[in-house]
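Please treat every number below as a calculation from the coordinates, not as lab data. This is a predicted model, so every value here is computed, not measured. We place every Cβ from the backbone using ideal geometry, glycine too, and count neighbours over all the protein chains shown.
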């Protein structure tokens with residue numbers, strides 16, 4: 001399975017490059033299962049649609065989404081060149097030709113015109129809304145994987161709708177997919 005191979009690559013690279021502090025025993029649930037919660041939201045995307053993962057880090061959730069939908073282009077965006085080097089290598093070894101690793105800051109890129117935005121544990125809804133207003137197609141959502149404390153984060157302000165969609169992980173508890181959409 002490609003997700004298991006990804007975890008093997010992460011373990012190998014993490015020994016040298018310190019990509020994550022998560023213990024190996026937590027990685028499948030925290031990285032793969034948590035990312036998989038987004039997969040049903042990809043169902044309505046047309047082949048060739050573009051998904052942008054803001055702050056992808058070591059490629060989560062971008063790699064899982066690229067595995068789940070090989071017909072969709074997934075942009076893995078992060079400012080860390082070291083982490084993007086890992087994502088590039090993982091994409092190569094996993095044969096993910098639909099994954100485009102990009103080492104840059106979201107605010108410095110030209111508009112990406114994406115059909116869907118995603119993030120995991122990156123930025124407040126206010127910051128995500130700024131990025132999405134630049135890079136997302138009008139009326140399309142950004143889905144942020146968040147913990148239960150998301151209501152304490154700075155909101156996106158007027159002109160945005162927030163729709164929390166709760167779910168649970170087997171041992172790591174309650175989570176929420178926070179859907180941001182510009183009105």
Expressed as a whole-number percentage, the relative contact order of region 2-182 with C-alpha contacts under 8 angstrom and at least six residues apart is 18 percent
A correct Kirkwood calculation over the Cα atoms of region 87-170 returns a hydrodynamic radius in Å of 14.6 Å
Given 31-39, 171-179, the highest-first ranking by average Cβ count within 10 Å works out to 31-39, 171-179
The simple spin-label model distance between residue 93 and residue 133, using points 7 Å out along Cα→Cβ, in nm, is 4.1 nm
As a percent rounded to 5, the proportion of antiparallel DSSP bridges among beta bridges in the chain is 45 percent
Note: residue 79 to residue 167 extended length (0.36 nm per residue) minus current alpha-carbon separation gives 28.8 nm
So, with points 7 Å from each Cα along the Cβ direction, the residue 182-residue 11 label distance in nm works out to 4.4 nm
Taking 0.36 nm per residue of separation between residue 26 and residue 153 and subtracting their Cα-Cα distance, the length gained on full extension comes to 43.2 nm
Output ordering of 54-60, 117-123, 6-12 (per-residue mean of other Cβ within 10 Å, highest first) is 54-60, 117-123, 6-12
So the pair-distance distribution of the chain, from every Cα-Cα distance in 5 Å bins, comes to percents of 1, 8, 18, 22, 22, 16, 9, 3, 0
If the label point sits 7 Å along Cα→Cβ of residue 113, residues of region 132-166 with amide N under 13 Å come out as 135-138
Reduced to Cα centres, the span from region 42-76 to region 130-183 in Å works out to 17 Å
The value for region 48-117 (convex hull of the alpha-carbon atoms, volume per residue, Å³) is 69 Å³
Rounded to the nearest 500, the 222 nm mean residue ellipticity computed for the chain from DSSP H runs (n ≥ 4, each -39500 (n - 2.57)) alone is -8500 deg cm²/dmol
Nearest 10, in degrees from 0 to 90: the angle of helix 2-17 to the longest Cα principal axis of the chain is 80 degrees
Residue 124 and residue 104 label points (each 7 Å along its Cα→Cβ direction) are spaced in nm at 2.6 nm
